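Some notes on the structure that comes next.
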Amino acid sequence: MKISEDEFLSHREKYLQLIRDGAVFIYPTDTIYGIGCDATNDSAVEKIREIKKRDNKPFSIIAPSIKWIIKNCEVKKEDLDKLPGPYTYVLKSKDTTVSKKIAPDSNLLGLRIPNSWFSDIVSELNIPIVTTSVNISGKKHMTCLKDLNENIRDSVDFIIYVGEKKGNPSTIIKIIDNKKEEIKR
């Protein structure tokens, strides 16, 4: 089911409850479209792995806030100076606040806060949301509805569509043991 940003916002409680209940959905960010779910829900995260035909490669998440990142990861606030924005920070996780299926066999977590209205929704939910490109692993990411893989389209609960997005995936910055490194894609 395709909906607009206005429709989502007009019926926000309905859609927030669907997300809390384990919905898998497509949404716009400041870069490209993402496919996501409640990052604490094992079955919803596993469904995204199945939809994308993805192995155990980690997913990133949209964090509810900078405060949430600092509480749950090994990082100093001043190191998160590019958020919100088109960046993903890879950090050591302090806790198991997300599903183990997000980053199997790893204590690293990729975190974003897009410069987008959708980040306000994540903050309101106060739960992290999976953020990964809308595609079958290894294939081109979705830029508009016409290039959305029909199996993905048929597997999600709803799609928040705001028109074509021609951005690039976020820049990755890894900070481990106070060492900062930009990762080239």
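The values are calculated or read from the model by the stated rules, or taken from the named source; none is laboratory data. What you see is a predicted model, and the numbers here were worked out from it, not measured in a lab. We place every Cβ from the backbone using ideal geometry, glycine too, and count neighbours over all the protein chains shown.
Annotations for the structure displayed:
- Every residue from the range 27-77 that is hydroxyl-bearing (Ser, Thr, Tyr) and not in a loop (DSSP other than H, G, I, E, B): 27, 33, 43, 60
- Residue 81 being surrounded by fewer than 13 Cβ atoms within 10 Å (Cβ to Cβ), among the charged types (D, E, K, R) and more than 24 Å from residue 12 (Cα to Cα): yes
- The set of residues in the range 154-185 being touching a helix residue (DSSP H, G or I) at 6+ places or on another chain (Cβ under 8 Å) and outside any loop (DSSP other than H, G, I, E, B) consists of 155, 158, 159, 160, 175, 180.
- Of all residues in the range 120-138, those satisfying the criterion of being of a type outside the set (Val, Ile, Thr) and either modelled with pLDDT of 90 or more or not in a loop (DSSP other than H, G, I, E, B) (or both) are 120, 123, 124, 125, 126, 128, 133, 135.
- Scanning the range 95-140 for residues being over 14 Å from the mean Cα position of the chain (by Cα) and farther than 29 Å from residue 71 by Cα gives a total of 5.
- Residues that are closer than 18 Å to residue 119 by Cβ and small (Gly, Ala, Ser), drawn from the range 79-101: 85
- Residues of the range 13-58 that turn out to be out of contact with any helix residue (DSSP H, G or I) (no Cβ under 8 Å at 6 or more places or on another chain), small (Gly, Ala, Ser) and farther than 23 Å from residue 145 by Cα, as a count: 1
- Top-ranked residue in the range 27-53 [being touching a Gly at 6+ places or on another chain (Cβ under 7 Å) and β-branched (Val, Ile, Thr); ranked as surrounded by the most Cβ atoms within 10 Å (Cβ to Cβ)]: 31
- Residue satisfying condition, being crowded, with 20+ Cβ neighbours inside 10 Å, touching a Lys or Arg at 6+ places or on another chain (Cβ under 9 Å) and small (Gly, Ala, Ser), within set 119, 99, 137, 155: 119
- Residue within the range 99-112 that is within 20 Å of residue 5 (Cβ to Cβ) and either free of Cβ contacts under 8 Å to residues at least 24 places away in the same chain or touching a strand residue (DSSP E or B) at 6+ places or on another chain (Cβ under 9 Å) (or both) present: yes
- If you filter the range 78-95 down to residues that are assigned to a strand (DSSP E or B) and not hydrophobic (A, V, I, L, M, F, W, C), you find that the one that is nearest to residue 178 (Cα to Cα) is 92.
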